[in-house]
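Participant: Pasting in a structure now, in structure tokens, and then I'll have a few things to ask.
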Amino acid sequence: MVVKGKIKRGEYFDSVTLMIVTKQINGIAGITDAAVVMNTAENRSILDSSGLLLSEFDEAKGSDLLICIKADSDEIAGKAMLQVDEVLDKVRHSISDSEDFLPKSLETALKTMPDANLVLISVAGKYAAREAMKALKKGLHVMIFSDNVSLDDEIKLKKYAREKDLFVMGPDCGTAIINGVPLAFANIVNRGKIGIVAASGTGLQEISSIISNNGAGISQAIGTGGRDVKKEVGGIMFLAALDALKSDKNTEIIVLVSKPSAKEVLKKILGKVEDIHKPVIAIFLGADEKLFDGSKAIPAKTLEEAALNAVSISKGNNYNIVQDYLRKRSIKMKDNDKLLRIVSNLSMEQKYLRGLFCGGTLCEEAHLILNNIIGEMYSNITSQKEFLLKDPWKSTKNTLIDMGADEFTVGRPHPMIDYSLRNRRILQEAKSPEVAVILFDVVLGHGSNMHPAEELVTVIKNAHLQSPGGIIAFVCSVTGTTEDPQDKKQVVKKLENDADVSVFESNAAAAEFAGLIINTLSNN
Amino acid sequence: MAKNDLFDKDLKVINIGLTSFKDSLEEVNTDVMQVDWKPPAEIDEKALKIISDNYSYIKKENEKSLKKILNGTPFLVDLDIAIEVIPGMKKNMILHAGPPINWDRMCGPMRGAIIGALIYEGLAKNPEEAEKIAASNEIEYSPCHEHGTVGPMAGIVSPSMPVFVLKNEEYGNHAYCTMNEGLGKVLRYGAFSKEVIEKMRWMESVLYPALKRAVNELGKIDLKNIIAQALHMGDEVHNRNRAATSLFYRQIAPAVIKTNDTDIAVKVLEFINGNDHFFLNLSMPACKVTLDAARNIKGSSVVVAMTRNGTDFGIQLSGTGDQWFVGPAPIPDALFFPGYTKDDANRDIGDSSITETNGLGGFAIAASPAIVQFIGGAAQDALNYTREMYEITEGENNLYQIPSLNFRGTPTGIDVVKVVEKGILPFIDTGVAHKDAGIGQVGAGVLSAPMEPFIKAVQGFAGSLEKKKNKNNYKELS
């Protein structure tokens, strides 16, 4: 076994490119491990943990590229090293040869597009705040997809933006729909009169998709980034976005979404709702129901309920019909042939549920639902200490994993794009004789994995083979629309027909069904 | 634009980061412009804060510098002997290219050129003796740049060498440069053999008086005009001076003939005609005399000198006076003449990057398709290099233009803050000297300036802003 390293001075590539390169190098026979990364403190610690931080990297500077290759022989390592150069060269030239000159900075881009009105930023977090401030100073609205922006910077940016009446969506804002245009990870939804403010990326995707799938549409969907509703930021952008929707003539109904957040911020938000003369539906996951006492806001327990309430109001109906519908659906779900068939196929030993999510909010929602149905749920995201997994890489009893959490995403593409880590985890869970149900989410839209069904069908077939019981119940929902590049209809069809997955119309429904299987198993 | 106004507009997006987001937006027919973003150089937060706090002040002062650069009017007005005209020149002084350096740290070609100069001056009989004198305290070394002078490659100027005298008529300042010796074994590449010294003596005794007579006959020659025309004819007046030399030749020839015997006139004109780089020693001081007028504007972060001595790369800013900011000079990765490789190359050397400092040379490479083989051969690359340089300059030239960019002015007035913030380094055309004295040129090509001097300059510049502020506070108190 040999380990070879090389520093390339002053060579900058974005992390996505480098991950593609790394993947290609890792695919060469005889290569045990490879890393091609920019020399940042974070990357150094990743290299360190995988034994790839060579002493020769000590002299590298911030803008240098580090290449490290672990291989069976010197020759293979040398060849791989050459291939890295080749691939990087190709990447660089594909840009300079195939495209006209690209501006290197915001100010130059503005010369070519003087009427630009929004800047979408996805550079590494430590640089994102500066680029965002430059944009704000030019009077442009900003969406920051990047995470790892400091809290101080977030507050500074948002205070500045508030003064200038500008949007700062994010940091860590995965999705937004402005004037019908999906930004970053968004779905193709109908335009309509429902406006959304969301401190949650997949929450926004789930709600906007359900609204669209039920024949209503979105006016604006504004993401704020999850931290906006924390105490420190105080909901600056959430409140500003709410104000904007309040006076937007095309928005007639407003939906508010947030993950578990600071009570005082939620109170402030509900306070603002009092001055809004449009129906406002709120889904504050994990929030105390009493918060809504005396409030004009219509509370919802799930993302789906919030979406359906909005649809119902937009069609001129009372939202009580939604409650009826959901109640009836729950009853139906319980004495369903499908449930009985699944339960009868499982062995005595199989009794636990494993949930593997790429959407953080979808995981939170499933957690709340399953806590009600099953009770004790272990997780890597729970605030209850006794149920927090000691090792997020290992499940125990009934477990839900947010695979988009930092411990899984540092140095890797998000699991909405790259399924490989979750695929491996599915197989890992399947091997456990105690696992009865694997619950998961599929999030479609621009930016997400382009072939979700194909990948999942292969893995699920494999998982059945690996399972000691010979079969496992797979339950999921698909967040998205038929207009999405992946086409929701096709994805659902493939999952149902080719892998016998129980696919539900919402994350909430899928979680409920998965919980029912576990309860039925334990009652038997 | 207020938030609600955005809702009424078509979304127009600038995308900084993942190109897949740009692709998705294009798929839904939304106008999007991708920024080919690079991370900024790492620099301490305090300096950045001082600079961002003084943003509008710096901008105003930089505009002043740029105005002075654009208003400059370089004329060739005379020729003279170095000791007679160069300010601060002394009998025992030798001027060199680049930032200050002592004999111990000088590279091979610079040492070779000094040995040659000492023999030429009659201060040493042979190379051994010259080397001894050079290393002693008898000789005082000083950068050309600190004496209104510039020199290509080693840039050696000794007291009795003839020099061009240039005047910036707008501001009244002068600049100086020796005459170009041609190619082959030449002093500027560190050669000091007998033929080198002999050629220099001929230049002193024949070429110099003949050209002086001719220039005096004409009164003055407008170099800005020649450079502007040459850019339209395929020169960038650093690595390519063929058009400018021809234009100069057309102006000077009648006067050379008029003021000299025919046999001398023929030799002088043949010499100029035989050296495509003759004009380099005029384009360089033309840039120098232009940029010197933009010095000493407090609060300006515009670069007024960018130069290499074969060991260090140094820059000076308008706002920081005579202070040098230096770092190691890079070894150019160029095209090498047959028989030579990068192992033979000396670190980058010469004052000729004064042309880039003035927005010519590498900054104007889009005007010079004939030399694009240095950068890979595609004309589009040359355009892109020049377009990238607009990112780091304060403005564009009013007279120097690039035909292939729809006659856009050349990128002018390098702003050191932009260099560091955008992580984009000045792009320099260069000749490559052999690292051993006396061998001469081994290649030519392009390179990016090193980041270190620019980072130091930004820090030094921020320090100067802070000092000024403290002083003002003191004044207010007293």
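The values are calculated or read from the model by the stated rules, or taken from the named source; none is laboratory data. Keep in mind it's a predicted model, so treat the numbers as computed, not measured. Note that we place each Cβ from the backbone using ideal geometry, even for glycine, and neighbour counts take in every protein chain shown.
Participant: Any idea which of B:334, B:364, B:379, B:329 is buried (at least 24 other Cβ atoms within 10 Å of the Cβ), among the small types (Gly, Ala, Ser), more than 27 Å from residue B:170 (Cα to Cα) and outside the structural domain of residue B:179 (by TED's automatic domain parsing)?
Facilitator: Values: B:334 fails: buried (at least 24 other Cβ atoms within 10 Å of the Cβ); B:364 fails: more than 27 Å from residue B:170 (Cα to Cα); B:379 fails: buried (at least 24 other Cβ atoms within 10 Å of the Cβ).
Only one candidate qualifies: B:329.
Participant: From the list A:102, A:140, exactly one residue is at the interface with chain B (Cβ under 9 Å from one of its Cβ atoms) and either more than 28 Å from the chain's Cα centre (by Cα) or crowded, with 24+ Cβ neighbours inside 10 Å (or both). Which is it?
Facilitator: Every option except A:102 fails the conditions.
Participant: Shifting gears a bit: Being within 12 Å of chain B (Cβ to nearest Cβ), assigned to a helix (DSSP H, G or I) and more than 22 Å from the chain's Cα centre (by Cα) narrows it down to one residue among A:110, A:166; which is it?
Facilitator: A:110
Participant: Within segment A:380-433, can you find the residues that are more than 22 Å from residue A:460 (Cα to Cα), modelled with pLDDT of 90 or more and not in a loop (DSSP other than H, G, I, E, B)?
Facilitator: Result: A:387, A:388.
Participant: Considering only segment B:121-176, how many residues are assigned to a loop (DSSP other than H, G, I, E, B) and aliphatic (A, V, I, L, M)?
Facilitator: 8
Participant: If residue A:333 passes every condition in (1) surrounded by 19 or more Cβ atoms within 10 Å (Cβ to Cβ); (2) of a type in the set (A, V, I, L, M, F, W, C); (3) at pLDDT 90 or above but one, which one does it miss?
Facilitator: It fails just one condition, (1).
Participant: Being farther than 17 Å from residue A:480 by Cα and of a type in the set (Asp, Glu) is the filter here; which residues of segment A:496-523 pass it?
Facilitator: A:498, A:500, A:512 - these are the residues of segment A:496-523 that are farther than 17 Å from residue A:480 by Cα and of a type in the set (Asp, Glu).
Participant: Additional query: In segment B:246-255, is there at least one residue being surrounded by 15 or more Cβ atoms within 10 Å (Cβ to Cβ), of a type in the set (Ser, Thr, Tyr) and either in the same structural domain as residue B:156 (by TED's automatic domain parsing) or closer than 18 Å to residue B:76 by Cβ (or both)? Steps first, answer last, please.
Facilitator: So the first thing to find is which residues in segment B:246-255 are surrounded by 15 or more Cβ atoms within 10 Å (Cβ to Cβ), and the list is B:246-249, B:251-253, B:255.
If we keep only those that are of a type in the set (Ser, Thr, Tyr) as well, we get B:246, B:249.
Checking the rest, the ones that are also either in the same structural domain as residue B:156 (by TED's automatic domain parsing) or closer than 18 Å to residue B:76 by Cβ (or both) come to B:246, B:249.
For segment B:246-255, residues surrounded by 15 or more Cβ atoms within 10 Å (Cβ to Cβ), of a type in the set (Ser, Thr, Tyr) and either in the same structural domain as residue B:156 (by TED's automatic domain parsing) or closer than 18 Å to residue B:76 by Cβ (or both): present.
Participant: Being touching a residue at least 40 places away in the same chain (Cβ under 8 Å), buried (at least 16 other Cβ atoms within 10 Å of the Cβ) and more than 17 Å from residue A:514 (Cβ to Cβ) is true for just one of A:343, A:410, A:311. Which residue is that?
Facilitator: A:311
Participant: Determine which member of the set A:51, A:78, A:62 is in contact with a Ser or Thr (Cβ under 9 Å, 6 or more places away or on another chain) and either in a helix (DSSP H, G or I) or modelled with pLDDT under 85 (or both). Working first, answer last.
Facilitator: Working: A:51 fails: in contact with a Ser or Thr (Cβ under 9 Å, 6 or more places away or on another chain); A:78 fails: in contact with a Ser or Thr (Cβ under 9 Å, 6 or more places away or on another chain).
One residue alone meets the criteria, A:62.
Participant: Okay, next question. Of all helices (runs of 4 or more DSSP H) completely enclosed by segment B:1-116, which ones contain at least 3 residues that are in contact with a strand residue (DSSP E or B) (Cβ under 9 Å, 6 or more places away or on another chain) and β-branched (Val, Ile, Thr)?
Facilitator: none
Participant: Does residue A:8 count as more than 12 Å from residue A:71 (Cβ to Cβ) and more than 30 Å from the chain's Cα centre (by Cα)?
Facilitator: Answer is yes for this residue.
Participant: Same structure, new question: Restricting the search to segment A:2-48, which residues are surrounded by fewer than 18 Cβ atoms within 10 Å (Cβ to Cβ), hydrophobic (A, V, I, L, M, F, W, C) and touching a Ser or Thr at 6+ places or on another chain (Cβ under 7 Å)?
Facilitator: Across segment A:2-48, the qualifying residue is only A:2.
Participant: Every residue in segment A:184-198 that is part of a strand (DSSP E or B) and modelled with pLDDT of 95 or more, please. Break it down stepwise before answering.
Facilitator: Of the residues in segment A:184-198, the ones part of a strand (DSSP E or B) are A:184, A:191-198.
Correct list: A:191, A:192, A:193, A:194, A:195, A:196, A:197, A:198.
Participant: Output the residue which, of all residues in segment A:172-186 that are among the β-branched types (Val, Ile, Thr) and either at the interface with chain B (Cβ under 8 Å from one of its Cβ atoms) or surrounded by fewer than 24 Cβ atoms within 10 Å (Cβ to Cβ) (or both), is nearest to residue A:129 (Cα to Cα).
Facilitator: Applying the filter and picking the extreme gives A:178.
Participant: It is to be established whether one or more residues within segment A:359-368 are part of a loop (DSSP other than H, G, I, E, B), surrounded by 19 or more Cβ atoms within 10 Å (Cβ to Cβ) and outside the structural domain of residue A:302 (by TED's automatic domain parsing). I'd like the intermediate steps shown before the answer.
Facilitator: First pass over segment A:359-368, keeping only residues part of a loop (DSSP other than H, G, I, E, B): A:359.
Narrowing the set further to residues that are surrounded by 19 or more Cβ atoms within 10 Å (Cβ to Cβ) leaves A:359.
Now restrict to residues that are outside the structural domain of residue A:302 (by TED's automatic domain parsing): A:359.
There is at least one residue in segment A:359-368 that is part of a loop (DSSP other than H, G, I, E, B), surrounded by 19 or more Cβ atoms within 10 Å (Cβ to Cβ) and outside the structural domain of residue A:302 (by TED's automatic domain parsing).
Participant: I would also like to ask the following. Picking from B:180, B:168, B:173, which residue would you name as being in contact with an Asp or Glu (Cβ under 7 Å, 6 or more places away or on another chain), modelled with pLDDT of 95 or more and not assigned by TED's automatic domain parsing to the domain that holds residue B:312?
Facilitator: B:173
Participant: Oh, and also: In segment B:325-378, what count of residues is obtained for those that are among the basic types (Lys, Arg) and in contact with a His (Cβ under 8 Å, 6 or more places away or on another chain)?
Facilitator: Result for segment B:325-378: 0.
Participant: Which of the residues that make up segment A:270-308 are touching a residue at least 40 places away in the same chain (Cβ under 8 Å) and of a type in the set (Gly, Ala, Ser)?
Facilitator: Once the filter is applied, which keeps residues that are touching a residue at least 40 places away in the same chain (Cβ under 8 Å) and of a type in the set (Gly, Ala, Ser), segment A:270-308 yields A:286, A:297, A:306, A:307.
Participant: Do any residues in segment B:369-385 that are within 12 Å of chain A (Cβ to nearest Cβ) and within 15 Å of residue B:427 (Cβ to Cβ) have Cβ atoms under 6 Å from those of residues that are assigned to a helix (DSSP H, G or I) and modelled with pLDDT of 80 or more, where the two are at least six apart or on different chains, and which pairs are they?
Facilitator: Partner pairs satisfying both residue conditions: B:375/B:381; B:382/B:365; B:382/B:366; B:383/B:366; B:385/B:365.
Participant: Right, here's the next one. Which of the following residues is within 25 Å of residue A:206 (Cβ to Cβ) and either in contact with a strand residue (DSSP E or B) (Cβ under 9 Å, 6 or more places away or on another chain) or touching a residue at least 40 places away in the same chain (Cβ under 8 Å) (or both): A:430, A:405?
Facilitator: Unique residue meeting the criteria: A:405.
Participant: What residue, of B:49, B:38, B:22, B:9, is in contact (Cβ under 8 Å) with a residue 40 or more places away in the chain and of a type in the set (Lys, Arg)?
Facilitator: B:38
Participant: Quick check on this structure: which one of A:254, A:281, A:269, A:276 is assigned to a strand (DSSP E or B) and either in contact with a Gly (Cβ under 9 Å, 6 or more places away or on another chain) or surrounded by fewer than 24 Cβ atoms within 10 Å (Cβ to Cβ) (or both)?
Facilitator: Every option except A:254 fails the conditions.
Participant: Inspect segment B:78-86 for any residue being surrounded by fewer than 20 Cβ atoms within 10 Å (Cβ to Cβ) and within 14 Å of chain A (Cβ to nearest Cβ) and give the result as yes or no.
Facilitator: There is no residue in segment B:78-86 that is surrounded by fewer than 20 Cβ atoms within 10 Å (Cβ to Cβ) and within 14 Å of chain A (Cβ to nearest Cβ).
Participant: A further question follows. Name every residue in segment B:146-174 that is within 18 Å of the chain's Cα centre (by Cα) and charged (D, E, K, R), in order of residue number.
Facilitator: Matches in segment B:146-174: B:146, B:167.
Residue by residue, here is whether (1) of a type in the set (Val, Ile, Thr); (2) not in a strand (DSSP E or B) holds:
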residue	(1), (2)
B:365	yes, yes
B:389	no, yes
B:409	no, no
B:412	yes, no
B:425	no, yes
B:430	yes, no
B:438	no, yes
B:444	no, no
B:447	no, no
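Participant: Next question, about the same structure. If I ask for residues that are aliphatic (A, V, I, L, M) and crowded, with 16+ Cβ neighbours inside 10 Å, which ones from segment B:182-196 would you list?
Facilitator: B:186, B:187, B:191, B:196
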